[in-house]
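J.: The structure is given below, and queries will be raised subsequently.
The values are calculated or read from the model by the stated rules, or taken from the named source; none is laboratory data. Remember, predicted model here, so these are calculated numbers, not experimental data. Don't worry about glycine lacking a Cβ; one is built from the backbone with ideal geometry, like all the others, and counts go over all protein chains shown.
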Amino acid sequence: MNLSDNIIEISDLSFKREDRIIYNDINLKVPRGKVTAIMGPSGIGKTTLLRLIGGQLLPNSGKILFNDENIVTASRKSLFKMRRKMGMLFQSGALFTEMSVFDNVAFPIREHTKLPESIINKVVLMKLEAVGLRGAAQLFPAELSGGMARRAALARSIALDPELIMYDEPFAGQDPISMAVIVRLIRELNDALGLTSIVVSHDVEEVLSIADYVYIIANQTVIAQGTPQQLRQEKSEQVIQFMEGRPDGPVPFHFPHQDYKKEMCNNVD
Amino acid sequence: MISKKIQLMVGAFLLIGIAAILMLAIKVADSRMGGGGDVYVLSAKFDNVGGLKVRSAVKVGGVVVGRVSAISLDDDFSPLVVMKIESKFNQFSDSSSVAILTSGLLGEQFIGLTPGFIDEDSEILTSGGMIEDTRSAMVLEDLIGQFLYGGNDD
Amino acid sequence: MLTKTLLSLGNSGINFITGAGRAGMLLLGALKPSGRGVKFFPLLVKQLYVVGVQSLVIIVIAGLFIGMVLSLQGYSLLVGFGAEQSLGQMVALSLLRELGPVVSALLFAGRAGSALTAEIGLMKATEQLSSLEMMAIDPMHQIIAPRFWAGLISLPLLSAIFSAFGILGGHLVGVDWLGVDTGAFWAIMQASVDWNQDIATGLLKSMVFAVVITWIALHKGYDAVPTSEGISKATTSTVVTASLAVLGLDFILTALMFS
């Protein structure tokens with residue numbers, strides 16, 4: 001096997017949702033074995049990017065290579081084969097509500113392998129141990145806190161030992177403790193299991209603390225990239241505004257609008 | 001994994017459903033499903049079949065022995081009724097007679113078959129046989145007419 | 001003004017056609033053999049429980065009461081002709097041909113159809129469907145197909161149960177209360193009800209209704225806007241659309257079968 005150093009290579013990708021352009025000729029590489037973060041303000045379609053990588057959405061043009069295989073043109077069958085090597089942690093966790101935590105984690109293993117139940121049992125307990133939820137195996141998703149649900153979902157997405165795992169806003173809406181737990185988990189799982197991780201988030205500090213490489217996306221394209229250290233040195237107005245969280249700047253406070261005075265006068269008829 | 005209780009309930013549900021269909025078939029329709037066993041065909045010509053319909057019963061002494069399978073008009077414009085009779089009732093002689101009768105005053109009409117005597121002159125009817133001796137349906141209007149006008153006019 | 005009307009007309013036309021196309025794809029997906037064999041069976045059993053068993057109580061109660069009411073109404077009508085003996089026939093025929101399939105289909109749309117839509121809409125909103133896809137499991141096989149088949153199996157059985165309990169209810173009121181002779185009740189019913197023409201057609205009707213209701217419910221859920229408002233709208237729309245479809249189809253089927 002002579003795989004390239006990048007598990008994902010996105011080139012000249014454009015994506016439109018109805019008339020709105022989400023991405024315009026975007027280029028992005030995810031190095032194997034590293035934690036790559038994708039940051040950007042809300043509403044620019046970071047989740048969309050993950051769905052594009054997962055093949056759930058098709059771009060209008062461009063290529064997405066996963067292990068040198070183009071996801072965009074892949075047949076359904078080979079797409080499903082590729083997805084087995086990917087794990088995705090959804091924002092809400094997306095645990096199956098009618099199954100216990102144990103069965104949730106066991107589910108992909110039962111579906112994709114013919115392992116006997118005794119081995120599945122061991123594998124599931126190992127995965128749950130890794131996220132610290134072995135004690136919660138028999139609970140149902142409704143009985144878990146948000147942070148625990150996300151960890152259980154994480155155990156499920158690593159159940160089949162994927163090569164790539166994608167985190168969709170893993171820190172959103174978490175208290176500081178579970179945030180710290182998840183930050184540590186992402187890093188540890190990545191290094192211990194030899195995974196590649198993509199973290200989509202807008203929590204600057206958490207991301208910079210774990211990421212090896214960071215892309216900042218705005219205005220339909222990548223506006224900055226580099227290691228966390230490089231980004232802290234970045235001089236561009238836009239990047240500084242995002243990193244330091246300033247209310248006004250190149251990303252305007254006001255939604256695109258026509259002249260204030262003119263509009264007010266027009267309405268006085 | 002699904003619990004035993006669910007499996008049990010689903011099993012019970014399927015059983016109740018099938019039991020309901022069986023009850024409808026046996027208790028309500030009283031049918032030997034799929035038209036039942038062997039039949040043979042007899043036909044008869046009437047002057048007037050009244051309200052007789054396809055699938056009306058053919059009865060001997062009140063016992064259903066077959067059903068009407070077709071009603072058509074013959075060349076001479078008299079109604080021809082084809083009946084399917086169950087094969088186990090195959091001992092009717094050609095001197096048998098049929099009449100269109102009504103159950104009750106307003107009930108549905110059926111064919112009453114009166115078996116003829118079996119002697120050396122008569123033959124046993126076989127499939128495709130014709131019953132010659134027929135009596136037509138009683139038409140209520142004619143009956144009332146006869147009653148009102150003393151039966152003089154026809 | 002004219003262009004505006006044309007525009008909105010064209011828009012709703014396009015929406016309708018894309019909707020129908022998506023619904024068709026959904027049906028195809030549900031019917032396509034998945035080659036999962038053994039794994040499919042537990043899923044089906046689970047859905048038979050949700051769709052069938054949980055609708056049983058309402059079907060039995062409704063069947064009993066409708067049969068009892070039919071018997072009461074029918075008796076007061078028939079007794080005027082001195083034909084109260086035909087009560088059994090009247091109750092059985094109206095249940096088997098019309099009320100059984102139609103009322104149980106309407107109840108099914110309200111009970112099981114709405115639940116299916118809400119469940120699938122919720123699965124969509126909580127990203128469970130996406131997450132299945134990302135696990136390389138086709139939600140058509142895992143979620144849609146078992147529910148579809150469960151609906152298809154359940155409704156004809158429910159409709160038969162409805163009719164059976166309706167006839168029992170009719171018997172209860174007609175024979176035990178109003179004093180119709182039990183022999184006449186059953187005998188006239190048996191003489192007039194025919195397996196092919198009355199029972200089989202009724203079952204066939206409810207199979208058609210089952211396909212339509214389950215299909216509508218699954219489609220509305222799968223296409224729901226994944227918000228709480230979207231799901232509640234989709235659920236309402238399932239009940240309304242499915243009920244109207246059942247009534248319309250009933251007319252067409254009756255015209256085809258009994259003409």
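J.: Name every residue in region A:53-85 that is part of a loop (DSSP other than H, G, I, E, B) and either within 20 Å of C:Met140 (Cβ to Cβ) or of a type in the set (Val, Ile, Thr) (or both), in order of residue number.
T.: Of everything in region A:53-85, those that are part of a loop (DSSP other than H, G, I, E, B) and either within 20 Å of C:Met140 (Cβ to Cβ) or of a type in the set (Val, Ile, Thr) (or both) turn out to be A:Gly54, A:Gly55, A:Gln56, A:Leu57, A:Leu58, A:Ile71, A:Val72, A:Thr73, A:Ala74, A:Ser75, A:Arg84.
J.: Turning to a different aspect of this structure: Exactly one condition in (1) more than 10 Å from chain B (Cβ to nearest Cβ); (2) modelled with pLDDT of 90 or more is not met by C:Gln54; state its number.
T.: Only one criterion is unmet by C:Gln54, namely (1).
J.: Moving on to the next point. Of these, A:Glu188, A:Glu206, which one is modelled with pLDDT under 85 and assigned to a helix (DSSP H, G or I)?
T.: Matching residue, one of A:Glu188, A:Glu206: A:Glu206.
J.: Inside region B:86-131, can you point out the residues that are among the aliphatic types (A, V, I, L, M) and touching a Ser or Thr at 6+ places or on another chain (Cβ under 9 Å)?
T.: B:Val98, B:Ala99, B:Ile100, B:Ile111, B:Leu113, B:Ile118, B:Ile124, B:Leu125, B:Met130, B:Ile131, listed by residue number.
J.: In the set C:Ile216, C:Ile199, which member is of a type outside the set (S, T, N, Q) and within 13 Å of another protein chain (Cβ to nearest Cβ)?
T.: The match here is C:Ile199.
Yes/no matrix, rows are residues, columns are (1) at pLDDT below 80; (2) more than 15 Å from B:Lys59 (Cα to Cα); (3) among the hydroxyl-bearing types (Ser, Thr, Tyr); (4) not assigned by TED's automatic domain parsing to the domain that holds B:Ile71:
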| site | (1), (2), (3), (4) |
| --- | --- |
| B:Ile100 | no, no, no, no |
| B:Leu105 | yes, yes, no, no |
| B:Thr114 | no, no, yes, no |
| B:Thr126 | no, yes, yes, no |
| B:Met130 | no, yes, no, no |
| B:Phe147 | no, yes, no, yes |
| B:Asn152 | yes, yes, no, yes |
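J.: Just to be sure I understand, how many residues within region C:65-84 are within 13 Å of chain B (Cβ to nearest Cβ) and surrounded by fewer than 21 Cβ atoms within 10 Å (Cβ to Cβ)?
T.: 5
J.: Go through region B:52-96 and report how many residues are under 17 Å from B:Gly128 (Cβ atoms) and of a type in the set (Ser, Thr, Tyr).
T.: Within region B:52-96, residues that are under 17 Å from B:Gly128 (Cβ atoms) and of a type in the set (Ser, Thr, Tyr) number 5.
J.: May I ask you to say which residue of C:Ala150, C:Ala145, C:Ala92 is under 25 Å from C:Leu244 (Cβ atoms), of a type in the set (Gly, Ala, Ser) and touching a residue at least 24 places away in the same chain (Cβ under 8 Å)?
T.: C:Ala150
J.: So C:Ala105 fits all but one of (1) surrounded by fewer than 24 Cβ atoms within 10 Å (Cβ to Cβ); (2) more than 14 Å from chain B (Cβ to nearest Cβ); (3) more than 30 Å from A:Met99 (Cβ to Cβ); what number is the exception?
T.: Condition (1) is where C:Ala105 drops out.
J.: Return only the number of the condition from (1) surrounded by 18 or more Cβ atoms within 10 Å (Cβ to Cβ); (2) under 20 Å from A:Leu185 (Cβ atoms); (3) more than 10 Å from every other protein chain (Cβ to nearest Cβ) that A:Pro59 does not satisfy.
T.: Answer for A:Pro59: the failing condition is (2).
J.: Name the residue, out of A:Ser42, A:Ser92, that is of a type in the set (Ser, Thr, Tyr), within 12 Å of another protein chain (Cβ to nearest Cβ) and either more than 27 Å from A:Ile210 (Cβ to Cβ) or part of a loop (DSSP other than H, G, I, E, B) (or both).
T.: A:Ser92
J.: Tally up the residues in region C:160-182 that are more than 13 Å from chain B (Cβ to nearest Cβ) and either within 15 Å of C:Leu107 (Cβ to Cβ) or outside any loop (DSSP other than H, G, I, E, B) (or both), please.
T.: Selection size over region C:160-182: 7.
J.: Only one of C:Ala105, C:Ala150, C:Ala160, C:Ala112 is under 18 Å from C:Val208 (Cα atoms), touching a Phe, Trp or Tyr at 6+ places or on another chain (Cβ under 6 Å) and modelled with pLDDT of 90 or more; which?
T.: C:Ala105
J.: Out of curiosity, is C:Phe16 part of a helix (DSSP H, G or I), within 14 Å of another protein chain (Cβ to nearest Cβ) and either touching a residue at least 60 places away in the same chain (Cβ under 8 Å) or surrounded by fewer than 18 Cβ atoms within 10 Å (Cβ to Cβ) (or both)?
T.: In short, no.
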